[in-house]
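Quick notes on the structure that follows.
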Ligand SMILES: O=c1ccn([C@@H]2O[C@H](COP(=O)(O)O)[C@@H](O)[C@H]2O)c(=O)[nH]1
């Protein structure tokens, strides 16, 4: 089966056993996995090792946000894990993002390993206009995402996490090499769950996403491998 490294499957499970079973079921249909807070807090580095031993790529999605020194120190530890992508919240600010980028470069150089790509989370894809209004930002969601993406680029980050609805403007502003990782992706007819700003997999790439993140539509499917393969099939015409 042909996998596509632009599809990142989210392993949101409460135990290593459940996550490992999903990975075994999906087999070669997925090459890139996201380990988020739930699984990392439950299974820690065991899960990273398990995925790496199987030749998978890993996005460690812990969305750090704290003062620059604390984030930089934590990212040095994450860098040692040998994962492929890690992230912080863009609202931590430019100094925090600069410190994060510098810490990763320094640690990777010290270890003689390839550094993980560093992303900034913009506005969560679960956020709709009504919830966003409670935050009292002066910008619209689209304006705020774009401003945070430009800030992340200026701070030396490799890319952002955003909704596929915002990918087109980010791509125009941040250029062809900037990573635009988009959760909030639903194959036609799938449940939205708690996501708000969504598109289909194909539309996400048409808008300029570099990668899509898909969790429940794969992990809750009766046939996980088939669900992943259907997404790979849907996106293969859009390169
Ligand atoms: O803005 C964001 C940032 C991260 N996520 C994460 O992506 C997956 C999406 O899972 P689904 O089951 O496909 O909704 C999940 O792990 C989130 O933590 C996001 O959805 N939005």
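Where the centroid of each part is defined by its Cα atoms, how far is the range 212-239 from the range 52-80 in Å? Cα centroid of the range 212-239 versus Cα centroid of the range 52-80: 26 Å apart. Counted residue by residue at 0.36 nm each, then reduced by the alpha carbon distance between them, the extension gain from residue 154 to residue 237 reaches 26.6 nm. Springs between Cα atoms under 10 Å define the GNM used for the chain, and in it the highest mean-square fluctuation of 133, 19, 162 occurs at 133. Footprinting exposure proxy ranking of 193, 61, 158, 84, fewest other C-beta atoms within 10 angstrom first, gives 193, 84, 158, 61.
Across 120, 42, 204, mean-square fluctuation computed from a Gaussian network of the chain (C-alpha pairs under 10 Å connected) peaks at 42. Computed per residue of the chain from DSSP H runs no shorter than four, each worth -39500 (n - 2.57), the mean residue ellipticity at 222 nm is -13000 deg cm²/dmol. For the range 7-237, averaging the sequence separation of C-alpha pairs within contact (under 8 Å, six or more residues apart) and dividing by the residue count gives a relative contact order of 19 percent. Sorted ascending by nearby beta carbons within 10 Å, beginning with the fewest, 166, 25 become 25, 166. For a quick check, take a GNM of the chain with Cα springs below 10 Å and name the residue from 48, 67, 180 with the largest mean-square fluctuation. Among 48, 67, 180, the largest mean-square fluctuation in the Gaussian network model of the chain belongs to 67.
Between residue 136 and residue 70, the contour length at 0.36 nm per residue exceeds the alpha carbon distance by 21.0 nm. Residues 77, 160, 214 in ascending order of nearby Cβ atoms (within 10 Å, fewest first): 77, 214, 160. With an a/c value of 1.5 or above and a/b not larger than b/c for the gyration tensor axes a ≥ b ≥ c computed over the alpha-carbon atoms, the chain is described as oblate.
Read the figures in this text as sums done on the coordinates, not as results from a lab. As the structure is a computational prediction, the values presented were derived from the model and not from experiment. Neighbour counts run over all protein chains shown; Cβ positions are idealised from the backbone, glycine included.
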